[in-house]
Amino acid sequence: MRIVSWNVNGIRAVLKRLPEGGLKGLFDRHSADVFCMQETKVDSTVDLSRELTHVEGFESFWSHCKTKKVVTFARIGKTKDASTSFFNEPRYDQEGRIMMTDHGSFVLFNIYFPNGGRGIERHEYKMGFYKAYEKRCKELVEQKRNIVTVGDVNTAFAEIDIHNPKEKEKSPCSGFLPDERQWMEDFFSAGFIDTFRHQHPGESGHYTWWDVKKNMRPSDKGWRIDYSIVNEDFISQVKDSKIMKEQHGSDHCPISIQVEDPPDLNINFIPPLSSRVKDKSGIAALFKAKGEINKKEEKNETVEERRENGIVDKRGGENSEMIAPGEESKRTEKDQPNTKDVKKTKETSQQNRPKKKTKEAKTGSILSFFQVVKKND
């Protein structure tokens with residue numbers, strides 16, 4: 001299984017720069033079974049388009065918190081479970097920095113670690129985030145779970161991980177501060193392994209981020225701040241760890257890790273947070289407003305039952321009829337409501353509708369468009 005991780009610094013901007021084939025072409029070029037992205041800059045779920053959520057053969061798992069946003073794309077059938085609540089602490093969960101997915105033989109953490117460069121408060125937040133992450137990793141290892149972490153750690157660990165270490169030691173800045181580097185040293189000493197450094201010990205000149213404001217990429221004066229990390233019991237399963245400098249489109253380049261294929265999961269249900277839906281048109285499970293999965297088969301439900309169950313259609317009404325893709329054109333004239341009746345009903349409804357319910361109807365279905373098309377769509 002090949003896992004690719006990339007801080008895209010804006011997923012829509014990257015999508016515009018990609019050659020023909022979009023995200024599916026990107027995943028195929030890198031032979032990715034799982035593709036993790038950080039700093040997507042998707043400000044809310046309503047910013048997501050079909051182009052971002054419908055990737056052939058993949059399901060996507062989006063963090064839907066307040067700010068930063070990460071997303072994990074995984075081949076259908078490779079994921080047992082998913083969660084955005086890594087710490088169960090609102091202070092660290094609320095910024096949308098985490099997506100945790102369970103792939104059977106290991107748990108994958110896709111994380112956009114904080115940048116501490118905006119004052120002492122953000123530096124303290126970053127260090128607290130590091131410690132909470134380390135605590136959670138140790139808890140899972142104690143439970144005999146293997147861990148793979150990929151993402152932007154926002155710290156260069158060793159002098160060989162930055163092009164000008166002596167200058168940065170004289171003029172300290174976030175990402176190369178003594179306490180940040182000390183935490184990484186302590187974390188690695190506690191039984192967690194930097195897979196790239198494990199395979200390329202002592203090699204300098206390997207970077208994953210370049211300052212675009214100073215145009216540092218052409219001269220390859222960068223920092224290695226993107227990592228793939230595993231617990232020491234899992235290192236034997238790691239076959240390869242790479243930095244892919246040839247991929248442009250962001251101030252970061254992707255990294256990848258190849259691990260032994262996990263056993264067949266035989267998944268016959270939809271993991272939480274999955275973008276898949278399931279109905280007779282070939283699309284698989286339906287997201288409801290709070291990310292809960294409707295477990296009833298769509299083909300066995302009448303329109304009335306759908307309304308009673310609160311299923312939402314792509315227009316966003318809380319009690320609207322769900323119309324599967326392509327069904328609109330199949331309706332006959334007799335199925336269409338009388339225009340006068342609709343107008344009269346609408347006017348009466350608007351007069352009698354409480355203001356509070358009107359507001360809820362507008363916001364009741366923020367996740368209804370999380371869908372990923374299967375291969376035959």
**Neighbourhood charge, 9 Å Cβ-Cβ cut-off, centred on Ser5 and excluding it, Lys, Arg +1 and Asp, Glu -1** = -2
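Just add up the charged neighbours of Gly21: K/R +1, D/E -1, any other residue whose Cβ is under 11 Å from the Cβ of Gly21.
Working: positive: Lys24, Arg29; negative: Glu20, Asp28, Glu56.
Charge balance near Gly21 sits at -1.
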**Message:** Using amide H atoms built in the peptide plane, which far-off residues or other-chain residues are under 5 Å from Gly222 H to H?
**Reply:** His163
**Request:** Mind giving me the nanometre distance, one decimal, between the label points for Asn88 and Glu203, set 7 Å out from Cα along Cα→Cβ?
**Result:** 4.1
**Request:** Grab the beta carbon distance between Ser171 and Arg145, set R0 = 35 Å, and tell me the FRET efficiency rounded to 0.05.
**Result:** 0.30
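I'd like to know how the range 1-98 sits against the 2.2 N^0.38 Å rule of thumb: what's its Cα Rg over that expected value? Could the numbers behind the result be given before it?
Numbers: Rg = 13.2 Å, N = 98, 2.2 N^0.38 = 12.6 Å.
That ratio works out to 1.05.
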**Fill in**
Semi-axes (Å, rounded, descending) of the ellipsoid equivalent to the range 173-275 per its C-alpha gyration tensor are 28, 20, 15
**Message:** Rg/Rh for the range 104-169 to two decimals, with Rh computed the Kirkwood way over all alpha-carbon pairs.
**Reply:** 1.06
**Request:** Let me know the Kirkwood hydrodynamic radius for the range 2-259, please, with Cα pairs as the basis and the value in Å to one decimal.
**Result:** 18.5
**Asked** What ranking do Glu169, Glu20 get, fewest neighbouring Cβ atoms within 10 angstrom at the top?
**Response** Glu20, Glu169
**Request:** Compute the relative contact order of the range 2-259 as a whole-number percentage, counting only Cα pairs closer than 8 Å that sit 6 or more residues apart in sequence.
**Result:** 18
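Given a Förster distance of 30 angstrom, what is the FRET efficiency for Asp261 paired with Ala158, based on the Cβ-Cβ distance and rounded to 0.05? Mind showing how you got there, number by number?
Values: r = 32 Å, r/R0 = 1.05.
That gives a FRET efficiency of 0.40.
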**Complete:** Neighbours of Ser60 by Cβ distance under 13 Å: Lys/Arg at +1, Asp/Glu at -1, summed charge +3
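For each of Phe188, Phe234, count neighbouring Cβ atoms within 10 Å of the residue's Cβ, then give the residues from fewest to most. All intermediate terms of the calculation are to be shown ahead of the outcome.
Details: Phe188 16, Phe234 21.
With the sparsest Cβ surroundings first, the list reads Phe188, Phe234.
Sort Thr84, Thr149 so the one with the fewest other Cβ atoms within 10 Å of its own Cβ comes first. Provide the component values of the computation, followed by the final result.
Numbers: Thr84 20, Thr149 24.
So the ranking, lowest neighbour count to highest, is Thr84, Thr149.
All of the numbers you see were taken from the coordinates with simple rules; none came from a lab. What you see is a predicted model, and the numbers here were worked out from it, not measured in a lab. Quick reminder, even Gly has a Cβ in these numbers, built from the backbone with ideal geometry, and neighbours come from all protein chains shown.
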